[in-house]
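First comes the structure, then the notes that go with it.
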Amino acid sequence: MSERPQPLKAINRLFEGKEPWQIVTMTASSVLALVWAHSLYNAKDSVTTRMRREFFRWLRHVPLVRRKIEEKMAEITLGFKRDAVKRLSGLTIRKELPEHGLTAEQIKEEVLNHLNLGQYDWKSGAVSGAVYHLNSEIVSVACDAYALTAYTNPLHADVFPGINKMEGEVVRMAVNLFHGDADCCGTVTTGGTESIIMACKAFRDLAYSKGISNPQIVVPATVHCAFDKAAQYLGLSVKSVQVDPETLQVDVNAVRRAIGRRTCLIVGSAPNYPYGTMDNIAALSDIALEYDVPLHVDACLGGFLAAFMSEAGHPVPVFDFRLPGVASISADTHKYGYAPKGTSVVLYRRPEYRHHQYTVTTEWPGGVYGSPTVNGSRAGGLIAACWATMVFVGRSKYVQMTDEIIKTARYVENELRTVDGIFIFGKPATSVVAFGSKKFDIFKMADTLHKKGWSLNALQFPSGVHICLTHAHTQAGVAQRFVQDVRDAAAYCLQHASEPVEGKMAIYGVAQEIPDRSLVSDITKHFIDSTYYLPQPGDENL
């Protein structure tokens, strides 16, 4: 008879002389420990993150701490409510349907009143991003197309096949702009966030089909927060990789180290939102091929600029389907594609990827149901308006407008590099110019510029602000006025560096210093609540 293997001998010795209940207890404990270790390894958040979260969760149960937090939250909420009341002062507040409908003239007047509520003159180019052109001809063509198709729905392909044709043409035109081949495909979505969610869904399901039960995405720290939203919606875990502090590009070696058996997607930005720098997509493509993982390029912000930059005479690194590791691209047609708000494209190298994006239900009593994106019913009018915009603007006009925007962005960048007291983050790749300061609180400058009528975007970790240049900023004198206002604001801040920051910009500085990020989350939720707030009787006494 052959001798027992050594592991079995060790197990027999371990249980030798033990009572049955002891053997059962030890076996059950071992199994539970293995299950716990497996869950720990496969958890969506790291051990450090969970311990930190639990610590602050229990700390908030301490009566003194809880009371202080509740008092501060009440104060902050009251402030948000006051802002809402002030913002809506003098307007008719409608909480019930009017007994008799308003006239078309009355509605138009009220719409214009609502449109002018904001404190920034966006038509003069005072706003970072948000409004990407002011061309009245493009607006007219897009709105006319929307008006004709406002009640169409591409879900009903047999009823509105023309809308499906338009969507197919938008996708194919975008594929060609990003140098895709005949196999490349995609869909129109309602915006960059949905495009990103769809890409994450597609590659999550692809991972499922390969037996990966808890997929993980590897993203730069500077990647758009829509990837975090996608992870929350889709049950993905996220591994965030730091960027080089000088170039603000993702550390490609760190990406390589972050890839594991659960990785279903790696991501690069072209460019990223905070600093406007472009990750080394070519290097990420090589890593994607080496490890056989899909690479998604988030070109939502600047994709429709970068696609035309070379033809306009401005160098830009290769970031699209010319790189063999690129599996998908997201790009917003409602930004530098100049379409009305509510459209974007998500593109795939292979049809099988797009198939994983789809949702299909086969056992529903209502019949077999298939949907390409998040929405079932979709706004055919937005697709038509996007299509109309693209074919109306045409390639030569896109190239011209791109040239005007990039020249304006380079002018602003070069001029700001000469301003005493501030520095530029990295090398802007397209239209975003981000700057900070080592001599004064940059949020003090942002507040000063706010008082001069400029709406800029605040950044954190590290503190900074950026301006996203659009075609609205190419109007005569706008860029020059901005540069001069920055010079004046920097000079003021250098002279008053010791004074505290006031106004809403002070919140950004304080928020970075709060170690319990759940508090920052709660404050943000209260702010979002305030955007829905309608004044109540007695609010005038707030």
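Things to note:
- Test: residue in region 253-268 that is within 25 Å of Ala174 (Cβ to Cβ), outside any helix (DSSP H, G or I) and of a type in the set (S, T, N, Q): no
- Candidates Leu91, Leu102, Leu155, Leu112, filtered to the one that is more than 24 Å from Ile383 (Cβ to Cβ), assigned to a loop (DSSP other than H, G, I, E, B) and out of contact with any His (no Cβ under 9 Å at 6 or more places or on another chain): Leu102
- Here Pro161 passes the criteria (1) out of contact with any helix residue (DSSP H, G or I) (no Cβ under 8 Å at 6 or more places or on another chain); (2) surrounded by 14 or more Cβ atoms within 10 Å (Cβ to Cβ) except the one numbered (2).
- Qualifying position, being modelled with pLDDT of 95 or more and of a type in the set (A, V, I, L, M, F, W, C), among Ala497, Ala479: Ala479
For (1) exposed (fewer than 14 other Cβ atoms within 10 Å of the Cβ); (2) under 30 Å from Arg481 (Cβ atoms), each residue gets a yes or a no:
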residue: Leu97; (1), (2): yes, no
residue: Thr103; (1), (2): yes, no
residue: Glu109; (1), (2): yes, no
residue: His114; (1), (2): yes, yes
residue: Ser140; (1), (2): yes, yes
residue: Pro154; (1), (2): no, no
residue: Thr187; (1), (2): no, no
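- Residues (among the polar types (S, T, N, Q) and more than 22 Å from Glu246 (Cα to Cα)) located in region 394-445: Ser396, Gln400, Thr402, Thr408
- All conditions but one from (1) assigned to a loop (DSSP other than H, G, I, E, B); (2) farther than 26 Å from Ala299 by Cβ apply to Phe461; the one that does not is (2).
- In region 424-433, the count of residues that are part of a helix (DSSP H, G or I), buried (at least 21 other Cβ atoms within 10 Å of the Cβ) and among the hydroxyl-bearing types (Ser, Thr, Tyr) is zero.
- Test: residue in region 173-184 that is charged (D, E, K, R), out of contact with any Asp or Glu (no Cβ under 9 Å at 6 or more places or on another chain), without any contact (Cβ under 8 Å) to a residue 12 or more places away in the chain and more than 21 Å from Ala306 (Cα to Cα): no
- Matching entry among Gly366, Gly436, Gly376 (being under 24 Å from the mean Cα position of the chain (by Cα), at pLDDT below 95, over 21 Å from Val297 (Cβ atoms) and not basic (Lys, Arg)): Gly376
- Single residue of Asp205, Asp121, Asp144 found to be surrounded by fewer than 17 Cβ atoms within 10 Å (Cβ to Cβ), acidic (Asp, Glu) and farther than 30 Å from Leu534 by Cβ: Asp144
- Considering region 317-342, the residues that are β-branched (Val, Ile, Thr) and in contact with a Phe, Trp or Tyr (Cβ under 9 Å, 6 or more places away or on another chain) include one that is nearest to Lys397 (Cα to Cα), namely Thr333.
- Residue among Ala258, Ala221 that is farther than 18 Å from Asp205 by Cα, of a type in the set (A, V, I, L, M) and surrounded by fewer than 16 Cβ atoms within 10 Å (Cβ to Cβ): Ala221
- The single condition among (1) of a type in the set (D, E, K, R); (2) at pLDDT 95 or above; (3) in a helix (DSSP H, G or I) that Lys444 does not meet is (2).
- Residue check: Leu459 meets all listed conditions (1) under 22 Å from the mean Cα position of the chain (by Cα); (2) of a type outside the set (Gly, Ala, Ser); (3) over 20 Å from Tyr120 (Cα atoms); (4) modelled with pLDDT under 95 but one, namely (3).
- Which listed residue, of Val267, Val326, Val297, Val316, is buried (at least 18 other Cβ atoms within 10 Å of the Cβ), touching a His at 6+ places or on another chain (Cβ under 6 Å) and β-branched (Val, Ile, Thr): Val267
- If you go through region 452-482 and keep only what is under 16 Å from Leu416 (Cβ atoms), touching a Phe, Trp or Tyr at 6+ places or on another chain (Cβ under 8 Å) and among the hydrophobic types (A, V, I, L, M, F, W, C), you end up with Trp454, Leu459, Val465, Ile467, Ala479, Phe482.
- Odd one out for Lys525 among (1) basic (Lys, Arg); (2) within 20 Å of the chain's Cα centre (by Cα); (3) modelled with pLDDT under 70: (3)
- Members of region 387-417 that are polar (S, T, N, Q) and surrounded by fewer than 20 Cβ atoms within 10 Å (Cβ to Cβ): Ser396, Gln400, Asn414
- Yes/no for Thr361 being β-branched (Val, Ile, Thr) and touching a residue at least 24 places away in the same chain (Cβ under 8 Å): no
- Spans of strands (runs of 3 or more DSSP E) in region 169-244 with at least 1 residues in contact with a His (Cβ under 9 Å, 6 or more places away or on another chain): 216-220
- Filter result for Phe392 (of a type in the set (Phe, Trp, Tyr) and over 23 Å from the mean Cα position of the chain (by Cα)): yes
- Region 329-363, subset among the acidic types (Asp, Glu) and surrounded by fewer than 24 Cβ atoms within 10 Å (Cβ to Cβ), residue nearest to Ser285 (Cα to Cα): Glu352
- Filtering region 507-522 to residues that are at pLDDT below 75, crowded, with 16+ Cβ neighbours inside 10 Å and among the aliphatic types (A, V, I, L, M) leaves only Ile507.
- Breaking point among (1) more than 21 Å from Ser344 (Cβ to Cβ); (2) within 22 Å of the chain's Cα centre (by Cα); (3) among the aromatic types (Phe, Trp, Tyr), for Phe321: (1)
The values are calculated or read from the model by the stated rules, or taken from the named source; none is laboratory data. Owing to the predicted nature of the structure, the values given are computational and were not obtained by experimental measurement. So basically every Cβ, Gly included, is an ideal-geometry build from the backbone, and we count neighbours across all protein chains shown.
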